[in-house]
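*Asks:* The following block contains the structure, expressed as structure tokens.
The values are calculated or read from the model by the stated rules, or taken from the named source; none is laboratory data. As the structure is a computational prediction, the values presented were derived from the model and not from experiment. Reconstructed Cβ throughout: ideal geometry from the backbone, glycine too, with neighbour counts over all protein chains shown.
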Amino acid sequence: MTRFLQSAVAGFAQGSIYALLAVGFVIIYKSTRVVNFALPGLMILGAYMVVYFGSVLALNFWLALGLAILAAALCALGIERLAIRPMIGKPVFAIAIITIGIDIVLRVIVNDLLGSNVRNVRDPWGLKTLELGAVVIQQRRVAVVIAAAVVVSLLLVFFKYTRIGLAMRAAAFDQEAAMAQGISVGMVFALSWALAGGLAALAGMFVGTGSGIDQQTAFVAIKALPGVILGGIDSIQGAIVGALIVGLFEGFSNTYQTQYLGFLGENVSQVVPYVVLFVVLLVRPYGLFGTPEIERV
Amino acid sequence: MRGRPSLYTSYEQDSSLLNTPVKRFWVGALLATLVVAPFRLSPDLTLLLATAFIVSIGAIGLNIVTGYAGQVSLGHAFFIGIGAYTAAVLNGEPSTTSDVLGYGLDMWIWLPAAGLMAALAGLIVSPLAFRLRGLYLAIVTLGLVFIGEHIFREAEVVTGGVGVGRRAAEPELFGFSFADPGTVLGVPLARDQGLYFMALVVLVVMALLARNLARSSVGRAFAAVRDRDIAAEVMGVSLRKHKLMAFTISSFYAGIAGGLLYTITRFLEPSSFGLLLSVQFIAMVLIGGVATISGSILGAAFVTLLPRAIEEAPRFAPFISASASGGFLTTQQLEQILYGVLIVVFLIFEPRGLFGLWVRVRNYFKAWPFSY
């Protein structure tokens, strides 16, 4: 039972990281109808910036985190302005492939800066643990769950109650109608990219807690995509649920797979998200909460 | 119709392969150059061209499913891997002491089998495309690459495992090995020349098949599915049938390319079939030209020859370093960055790719001196 609870907590924490990334994917998808494959690059950039400000410039961790989020958001803004804005009106597939190209460029540059060693993000949690009865929980896992919950709720409140949030929802619903109402759709695009960049940086920092970041870390962000698709790509709530489901599956398979399904080999938990995705999509092509596309002929 | 070569009086004439005398002449000239080339080029360049030819087969395959039929697939590396391992297993040395499987079969068995195994995998995967469209499909095929990579890593009986790898298939056909020096019709061929001609012949055959497929009713049905799937279905084009065909044929091409590709390096490592390989194929299709066969070949040649061109870069730009450590950028990093940048640049400025550039040049001279 202890083992079950511990793997559940680990999975839930992993799912929270995916949720931060998933919300970034969904925000960009809703406003620009593009799946942003550059998010892994932005995430590793953000995580590297935490390392840079925290270790190289020796700033306070929280200050470093804030600056890193800002840097990733600015970088996302730049990408949107230089590469995505000129493509408005072109097929979404072309734009998605462009983001893949940008991702490659970002990852190569950041990996060059990172070097071949594992870099520590110098988070305040380290490997400290929290004990609830027999269950031992790492503090960093609690921190990521709380942080994700707070940030995502703040975002939902932002979308629901502020004027800019309203503008973003309007633009997501119908761009032309939103423009006719005086909403700057360009601003909405820029803001959604910046938000996603900041979220990615935050997620990247949490990926780096515990084991640090290295050149393979960026692939974690791709594993958030199954969560996004699982929940339905145009639903923030759905994406969060999907991300948590994927995280839990990963956590459990991490603990139990070698015991019960050992013939599948090592590190199966790394591909479990995709297997879950395959199965769910064959049953529900638009994910659990996505809106089915209505085709008019 | 002498003197009026562009006047077509029948549909067959219009859609025939070499429909203008200019095309006939230049295709002949190109083939003649390609036959003579290996006797004039250095061995390493000849091998590089052979690689480009084989990679072209894979690029044509991706162009069939993504360019012609419009089903975005990021899973091409998976099918390449299946082809490569099928070939390696069927050809490998049958021994009881070694840990990896091998059956020691001839090329006329392992080459088609590599294609067929990959096609089978494509057939199994294609139902995903019935239910999903566009970006959903792209993400699911992306998952396929990761699952495939995992299988290749863990199935050590087949692949030798990470860091160990296994010997790739030897191109030996009826006792004649393309990879060893030998004599064909009285002409002595070195290893690189043998591989070159093997690649060239297979590419010409596969490219012709693809071109014929594209101009047949199946090709037109693919285009209909790509341009508006609902309209296509209303007109009686079966979506299921054609998506299934597109995936199967595309994977067959990938399998053939995978089987042949590693006859050049002679070695296979499970981690080579990752996302980067898929992205390289996407880059070939986009840089070369979507939904054109000659574009796929151009794109594949471009992407394959790019690293070689970049190796020369440190001489002109001192901040690029040829060694793995020093400098701001290494040549390998520059190469990867260029894939990314080129994809972006081509999509923004010339969505039709290199083939589109060629069309522009051609039209300029067609209309010359009345260019505007």
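*Asks:* What do you reckon, is B:V205 touching a His at 6+ places or on another chain (Cβ under 7 Å) and either surrounded by 13 or more Cβ atoms within 10 Å (Cβ to Cβ) or closer than 20 Å to B:A246 by Cα (or both)? Working first, answer last.
*Replies:* Values: touching a His at 6+ places or on another chain (Cβ under 7 Å): no; either surrounded by 13 or more Cβ atoms within 10 Å (Cβ to Cβ) or closer than 20 Å to B:A246 by Cα (or both): yes.
Taking the combined requirement at face value, the residue does not satisfy it.
Yes/no matrix, rows are residues, columns are (1) at pLDDT 80 or above; (2) under 17 Å from A:I109 (Cβ atoms); (3) among the β-branched types (V, I, T); (4) surrounded by fewer than 19 Cβ atoms within 10 Å (Cβ to Cβ):
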{"residue": "B:A301", "(1), (2), (3), (4)": "yes, no, no, no"}
{"residue": "B:P314", "(1), (2), (3), (4)": "no, no, no, yes"}
{"residue": "B:P318", "(1), (2), (3), (4)": "no, no, no, yes"}
{"residue": "B:S323", "(1), (2), (3), (4)": "no, no, no, yes"}
{"residue": "B:F328", "(1), (2), (3), (4)": "no, yes, no, yes"}
{"residue": "B:I337", "(1), (2), (3), (4)": "yes, yes, yes, no"}
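*Asks:* Output the helices (runs of 4 or more DSSP H) that fall wholly within segment B:1-97 and possess 1 or more residues being surrounded by 13 or more Cβ atoms within 10 Å (Cβ to Cβ) and not small (G, A, S), or say none. Spell out how you get there, then give the answer.
*Replies:* Values: elements: B:11-14, B:21-40, B:43-62, B:76-91.
Fully inside segment B:1-97 and qualifying: B:21-40, B:43-62, B:76-91.
*Asks:* Sticking with this one: Please go through segment A:30-77 and give me each residue that is away from chain B (no Cβ under 14 Å) and either in a loop (DSSP other than H, G, I, E, B) or on the phi > 0 side of the Ramachandran plot (or both), ordered by number.
*Replies:* A:L57, A:A58, A:L59, A:N60
*Asks:* With in a helix (DSSP H, G or I), more than 14 Å from every other protein chain (Cβ to nearest Cβ) and either touching a residue at least 60 places away in the same chain (Cβ under 8 Å) or more than 18 Å from B:G61 (Cα to Cα) (or both) as the only criterion, which of B:L209, B:L244 stands out? Explain how you work it out, then say what you get.
*Replies:* Working: B:L209 fails: either touching a residue at least 60 places away in the same chain (Cβ under 8 Å) or more than 18 Å from B:G61 (Cα to Cα) (or both).
Answer to the selection: B:L244.
*Asks:* Could you tell me whether any residue of segment B:74-85 is among the aliphatic types (A, V, I, L, M) and touching an Asp or Glu at 6+ places or on another chain (Cβ under 9 Å)? Walk me through it before giving the result.
*Replies:* Taking segment B:74-85 and keeping what is among the aliphatic types (A, V, I, L, M), we get B:74, B:77, B:80, B:82, B:84.
Checking which are touching an Asp or Glu at 6+ places or on another chain (Cβ under 9 Å) leaves us with B:77.
Within segment B:74-85, one or more residues are among the aliphatic types (A, V, I, L, M) and touching an Asp or Glu at 6+ places or on another chain (Cβ under 9 Å).
*Asks:* Does any residue of segment B:120-137 turn out to be in contact with a Gly (Cβ under 6 Å, 6 or more places away or on another chain) and either surrounded by fewer than 24 Cβ atoms within 10 Å (Cβ to Cβ) or in contact (Cβ under 8 Å) with a residue 12 or more places away in the chain (or both)?
*Replies:* Looking only at segment B:120-137, we keep the residues that are in contact with a Gly (Cβ under 6 Å, 6 or more places away or on another chain), and these are none.
Taking every residue of segment B:120-137 in turn, none turns out to be in contact with a Gly (Cβ under 6 Å, 6 or more places away or on another chain) and either surrounded by fewer than 24 Cβ atoms within 10 Å (Cβ to Cβ) or in contact (Cβ under 8 Å) with a residue 12 or more places away in the chain (or both).
*Asks:* Quick one: how many residues across segment A:96-146 are away from every other protein chain (no Cβ under 14 Å), out of contact with any helix residue (DSSP H, G or I) (no Cβ under 6 Å at 6 or more places or on another chain), within 23 Å of A:P40 (Cα to Cα) and crowded, with 16+ Cβ neighbours inside 10 Å?
*Replies:* The total comes to 4.
*Asks:* Check B:G194 against each of (1) in a helix (DSSP H, G or I); (2) exposed (fewer than 15 other Cβ atoms within 10 Å of the Cβ); (3) at pLDDT below 90 and name the one condition it does not meet.
*Replies:* With respect to (1) in a helix (DSSP H, G or I); (2) exposed (fewer than 15 other Cβ atoms within 10 Å of the Cβ); (3) at pLDDT below 90, B:G194 is out only on (2).
*Asks:* Every residue in segment A:205-260 that is more than 14 Å from every other protein chain (Cβ to nearest Cβ) and at positive phi, please.
*Replies:* A:G210, A:G212
*Asks:* A follow-up question, please. So, B:I310, is that one over 16 Å from B:A52 (Cβ atoms), within 14 Å of another protein chain (Cβ to nearest Cβ) and at pLDDT below 80 or not? Let's see the steps before the verdict.
*Replies:* On the way: over 16 Å from B:A52 (Cβ atoms): no; within 14 Å of another protein chain (Cβ to nearest Cβ): yes; at pLDDT below 80: yes.
The answer is no for B:I310.
*Asks:* Can you give me the ranges of the helices (runs of 4 or more DSSP H) entirely in segment A:188-283 with at least 2 residues that are surrounded by fewer than 24 Cβ atoms within 10 Å (Cβ to Cβ) and touching a helix residue (DSSP H, G or I) at 6+ places or on another chain (Cβ under 6 Å)?
*Replies:* Details: elements: A:219-222, A:224-231, A:236-260, A:272-283.
Per the criteria, A:219-222, A:236-260, A:272-283.
*Asks:* Also, I was wondering about something else. Going through B:A232, B:A257, B:A221 one at a time, which residue ends up being farther than 16 Å from B:I57 by Cβ and either crowded, with 24+ Cβ neighbours inside 10 Å or within 14 Å of chain A (Cβ to nearest Cβ) (or both)? Working first, answer last.
*Replies:* Working: B:A257 fails: farther than 16 Å from B:I57 by Cβ; B:A221 fails: either crowded, with 24+ Cβ neighbours inside 10 Å or within 14 Å of chain A (Cβ to nearest Cβ) (or both).
So the residue among B:A232, B:A257, B:A221 that is farther than 16 Å from B:I57 by Cβ and either crowded, with 24+ Cβ neighbours inside 10 Å or within 14 Å of chain A (Cβ to nearest Cβ) (or both) is B:A232.
*Asks:* Does A:V185 meet the test of being crowded, with 21+ Cβ neighbours inside 10 Å, of a type outside the set (K, R) and within 29 Å of A:L82 (Cβ to Cβ)? Please lay out each step first, then the result.
*Replies:* Values: crowded, with 21+ Cβ neighbours inside 10 Å: no; of a type outside the set (K, R): yes; within 29 Å of A:L82 (Cβ to Cβ): yes.
Criteria not met by A:V185.
*Asks:* Would you confirm whether any residue within segment A:165-187 is within 14 Å of chain B (Cβ to nearest Cβ) and under 20 Å from the mean Cα position of the chain (by Cα)?
*Replies:* Scanning segment A:165-187, I find no residue that is within 14 Å of chain B (Cβ to nearest Cβ) and under 20 Å from the mean Cα position of the chain (by Cα), so the answer is no.
*Asks:* So, in segment A:1-24, exactly how many residues are at pLDDT below 90 and either within 14 Å of another protein chain (Cβ to nearest Cβ) or touching a Ser or Thr at 6+ places or on another chain (Cβ under 7 Å) (or both)?
*Replies:* Residues meeting the conditions: 2.
For (1) in contact (Cβ under 8 Å) with a residue 12 or more places away in the chain; (2) farther than 24 Å from B:G289 by Cα; (3) within 14 Å of another protein chain (Cβ to nearest Cβ), each residue gets a yes or a no:
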{"residue": "B:L49", "(1), (2), (3)": "yes, no, no"}
{"residue": "B:G61", "(1), (2), (3)": "yes, no, no"}
{"residue": "B:L74", "(1), (2), (3)": "yes, no, yes"}
{"residue": "B:V89", "(1), (2), (3)": "yes, yes, no"}
{"residue": "B:L105", "(1), (2), (3)": "yes, yes, no"}
